[in-house]
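K.L.:
Quick one: the structure is below, questions incoming.
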Amino acid sequence: MNRLALLYLAASLATGCYLSHRAETGEPLDGGPVPEAPPVPRDAGRPTGPIDAGPPLPPEPDPDPGPDPRPSDYPEADDWEEPPAIGPDDPCCVLSEPVQLTSRAAGIPLWERLRVAWGPGYWGVLAGQTEPTTRSDTPAGLLFWELEENGTPLTSPRPLENPPNDDAFTIITPVALRWAEGRWGIAAEASRDEGRHTYARLFDRELRPATGWLGYRDGVARPADLVRLSQGDRWIGASSDGDTLWLRTIRAGRPEPAVSSGVATFHALHGAGLRSRLALMVQGRTETRAQVAVTDGEELLGLVPLDLSGTESAFTDLRDVAVAFAWEGDRLMTQVVDPFDLSVESERAPIASRDATGPIADEPIAAVGSNKLGLAGACYGLPSGSRGGSGIGFALVGPDGAPRGQPVAVVESTFRGDIVSCAVGSDEGGFLVAWWNGTELWVRRVDVAR
């Protein structure tokens, strides 16, 4: 095993409308125009605008079940459900009405990346705004939406203080958004002429900053992720300089050693936190197969090779395992890894397909696991051929890597431009998919068919 060498880095302390919740079967949309959303009330029961200064609320640590615990060793496992039985030919999911959050017409143009996570009783959606227009009262940089369970906005988008930059033309885009134990963990990338720099910051449940922006490392740092390990009270930032995987630990709000793992990575880098294990799906050059690097935050425990080679990929934790997704040609493939046994738990298997015209998005796939439901959901971009625009599909898999039901179309065609990104989060009852088509930002709740 390789001992991770540590390097200290100082950081300064400083942070559409809901149409109805009518459920409809998971059939493709008709592709027609979707009604515009009315303006969102600025006072919807939560603070609006910039975050007020003040001390952050304390964290909410989980109980310690002992050394090297799996997620199933924690009390939350008592509430896990048996995954619902869905017929192989039945739609996997039930769709609620889509909700528009914003658009270029409203003066809020966005960059491609989105992140979605369920937090302290509300959804968080993180996006990066490009240069503001005269109709916008929010600056360029990170924007945070708070949504009800059904996707209805609770507030107007709230601007977050951007990572350090001296260049007015720096591009700020989201890297990660996670909620754990009383803290939002947010990572963002600042792109400048000299390279890309990744930063992480912790916030409390009211979005008050609990740390300053903490740099992952000097120089280029992409791709990247931010993952929570409950054991040891750690957030770990993972990034690649184009050749090597680097890790950075934040423990009790303070940055710790910095990190060269010795693992080669170039294209994909996706993290999954399983309480006492950090699993990272990494990939070298295009022709290489992906592998999963497993660490306990102190030592590299092993590398698990996968049979997946597509560079359009996603990765998520699901109970005691991690599920990898990758496009290989026109098929979306999955494979399951056990980070505790350092083993592959399933054969690679197809769960969805698309037209062979190729990728149509900057980030065409995202995945998230629901421990309570025992299911992982993946959203993915789909070309729409001669119909114009593009769409989004959604598929479910179980901890065994097998599909559950048939994929559904979250949106079949926008008619307003290609889907450039999708993101997905999970709460205790279902999923929320967000997408940006270059013109509008939408979300749609996806519930598991029962």
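K.L.:
Can you find even one residue in the stretch 377-386 that is of a type outside the set (S, T, N, Q), modelled with pLDDT of 95 or more and not in a strand (DSSP E or B)?
P.N.:
The answer is no; no qualifying residue exists.
K.L.:
So Arg277 ticks every box in (1) buried (at least 24 other Cβ atoms within 10 Å of the Cβ); (2) modelled with pLDDT of 90 or more; (3) under 18 Å from Ala200 (Cα atoms) but one. Which box is left unticked?
P.N.:
For Arg277, the exception is condition (3).
K.L.:
Given the structure, is Thr295 at pLDDT below 95 and over 24 Å from Asp64 (Cβ atoms)?
P.N.:
Values: at pLDDT below 95: yes; over 24 Å from Asp64 (Cβ atoms): no.
Judged against the criteria, Thr295 is not a match.
K.L.:
What are the residues in the stretch 292-303 that are surrounded by 21 or more Cβ atoms within 10 Å (Cβ to Cβ) and not small (Gly, Ala, Ser), if any?
P.N.:
Within the stretch 292-303, Val292, Val294, Thr295 qualify.
K.L.:
Also, I was wondering about something else. If the Cβ limit is 6 Å and pairs must be 6+ apart or interchain, which residue in the stretch 295-315 that is under 14 Å from Leu245 (Cα atoms) pairs with which residue that is modelled with pLDDT under 90 and among the hydrophobic types (A, V, I, L, M, F, W, C)?
P.N.:
Glu299/Met1; Leu300/Met1
K.L.:
Just the residues that are part of a strand (DSSP E or B) and among the acidic types (Asp, Glu), please, taken from the stretch 418-450. Talk me through it step by step, then tell me what you get.
P.N.:
Let us first name the residues in the stretch 418-450 that are part of a strand (DSSP E or B), namely 421-426, 430-436, 440-448.
Listed by number, the residues that qualify are Glu440, Asp447.
K.L.:
Another question about this same structure. State which residue pairs qualify: first residue of a type in the set (S, T, N, Q) and inside the stretch 229-258, second residue modelled with pLDDT of 85 or more and assigned to a loop (DSSP other than H, G, I, E, B) in any location, beta carbons under 6 Å apart, and separation of 6 or more residues or different chains.
P.N.:
So the pair list comes out as Ser230/Arg275; Gln231/Arg275; Gln231/Ser276.
K.L.:
Right, next: Could you please tell me which pairs satisfy a Cβ distance under 6 Å, a separation of 6+ or placement on different chains, a first residue in the stretch 92-114 that is at positive phi and in a strand (DSSP E or B), and a second residue that is crowded, with 24+ Cβ neighbours inside 10 Å and aromatic (Phe, Trp, Tyr)?
P.N.:
Note: no pairs meet the criteria.
K.L.:
Still on this structure, please answer the following. I want to confirm something. Restricting to the stretch 312-333 and keeping residues that are outside any strand (DSSP E or B) and modelled with pLDDT of 95 or more, which single residue is surrounded by the fewest Cβ atoms within 10 Å (Cβ to Cβ)? Break it down into steps so the answer makes sense when it comes.
P.N.:
Initial filter on the stretch 312-333 (outside any strand (DSSP E or B)): 312, 319-320, 329-330.
Subset that is modelled with pLDDT of 95 or more: 319-320.
Values: Arg319: 22, Asp320: 20.
Here the answer is Asp320.
K.L.:
Among the residues of the stretch 423-448, which ones are more than 14 Å from Glu81 (Cβ to Cβ), modelled with pLDDT of 95 or more and over 15 Å from the mean Cα position of the chain (by Cα)?
P.N.:
Across the stretch 423-448, the qualifying residues are Arg444, Arg445, Val446.
K.L.:
Test Thr288 against the stated conditions and say whether it is within 26 Å of Ala180 (Cα to Cα) and touching a His at 6+ places or on another chain (Cβ under 9 Å).
P.N.:
No.
K.L.:
Let me ask something else about it. Can you find, within the stretch 81-97, the residue that is farthest from Gly128 (Cα to Cα) among those that are modelled with pLDDT of 95 or more, surrounded by 15 or more Cβ atoms within 10 Å (Cβ to Cβ) and not aliphatic (A, V, I, L, M)?
P.N.:
The qualifying residue farthest from Gly128 (Cα to Cα) is Pro91.
K.L.:
Does the stretch 243-260 contain any residue that is in contact with a strand residue (DSSP E or B) (Cβ under 7 Å, 6 or more places away or on another chain), at pLDDT 90 or above and buried (at least 23 other Cβ atoms within 10 Å of the Cβ)? Write out each step before concluding.
P.N.:
Let us first name the residues in the stretch 243-260 that are in contact with a strand residue (DSSP E or B) (Cβ under 7 Å, 6 or more places away or on another chain), namely 243-251, 253, 255-260.
If we keep only those that are at pLDDT 90 or above too, we end up with none.
Checking the stretch 243-260: not a single residue is in contact with a strand residue (DSSP E or B) (Cβ under 7 Å, 6 or more places away or on another chain), at pLDDT 90 or above and buried (at least 23 other Cβ atoms within 10 Å of the Cβ).
The values are calculated or read from the model by the stated rules, or taken from the named source; none is laboratory data. If you're wondering where the values come from, they're calculated on a predicted model, not measured in any experiment. Virtual Cβ from ideal backbone geometry, glycine too; neighbours counted across all protein chains shown.
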